[in-house]
Amino acid sequence: MLESRHKKLILKQIHMKRIYFFLVPISFFLVVAMVIAAKEAHMQLISPAFEDGGRIPLKYVMPAAGGKNLSPPLTWSEEPKGTKSFALLCVDPHPVAQNWVHWMVINIPADIHHLEEGASGHAMPPGAKELKNSFGFVGYGGPQPPPGTGDHPYVFTIFALDIEKLDLPEDINLKGFQKAISPHILAKGQLTGYFGR
């Protein structure tokens with residue numbers, strides 16, 4: 001009788017160990033999933049000038065393409081707690097453009113959620129720093145796709161960062177920009193406009 005109880009106790013202990021070793025990896029993967037989800041938190045980025053997936057109005061493109069090169073108005077929201085600054089990026093990932101940088105901005109204060117039309121170079125928030133674009137000058141450079149290459153997507157991305165200030169050189173390239181902000185991203189939001197000629 002005693003031996004039978006002892007065997008049952010051993011079997012129960014073995015069963016509990018199996019459950020434990022099964023639950024530990026599951027718990028680990030759940031924690032990892034939560035961290036990844038937090039890193040990929042979604043913000044909202046909109047513009048009164050064009051809808052997501054819509055055509056970018058002519059005044060926001062480069063003069064060589066018939067425009068005035070005004071930076072478009074942008075508004076963002078839904079950043080997570082702990083956001084200490086924002087960074088802004090606009091690139092053209094079209095195969096012809098190969099991630100041509102149109103706008104890079106860092107150190108936008110955490111209490112700023114809007115950029116007025118034409119803000120680049122004229123009315124940026126105090127502390128915000130505009131970097132060089134692929135055209136070679138500082139600030140916003142609008143669409144100027146080669147004729148006959150179809151509509152190009154211009155992807156605007158706002159990043160919520162856990163750092164108040166980044167010390168980056170004005171002429172940093174896209175890869176350097178992405179490497180610098182990557183460890184600090186809490187969330188991001190995107191808006192894509194199209195333009196072709």
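Projected label points at HIS122 and THR149, each 7 Å from Cα along the beta carbon direction, are separated by 2.7 nanometres. Ranked by how many other Cβ atoms sit within 10 Å of their own Cβ, fewest first, the residues PHE159, PHE135, PHE177 fall in the order PHE135, PHE177, PHE159. Exposure proxy ranking for VAL155, VAL101, based on other Cβ atoms within 10 angstrom of each Cβ and starting from the fewest, stands as VAL155, VAL101. The amide H of ARG197, built 1.01 Å from its N in the peptide plane, has GLY148, THR149, GLY150 as neighbours under 5 Å, considering only residues 5 or more places off or on other chains. When the Cα gyration tensor is reduced to axis lengths a ≥ b ≥ c, the ratio a/c is 1.5 or higher for the range 99-197, and with a/b above b/c it is classed as prolate. Between ASP111 and GLU51, the modelled label-to-label distance comes to 3.5 nm, taking each label 7 Å out from Cα in the direction of the beta carbon.
Counting other Cβ atoms within 10 Å as a rough exposure proxy, the listed residues SER47, SER182, SER71 run SER182, SER47, SER71 from fewest neighbours to most.
Every number here is computed from the coordinates shown, using simple stated rules; none is lab data. None of the values given here were measured: they were computed from a predicted structure. Note that we place each Cβ from the backbone using ideal geometry, even for glycine, and neighbour counts take in every protein chain shown.
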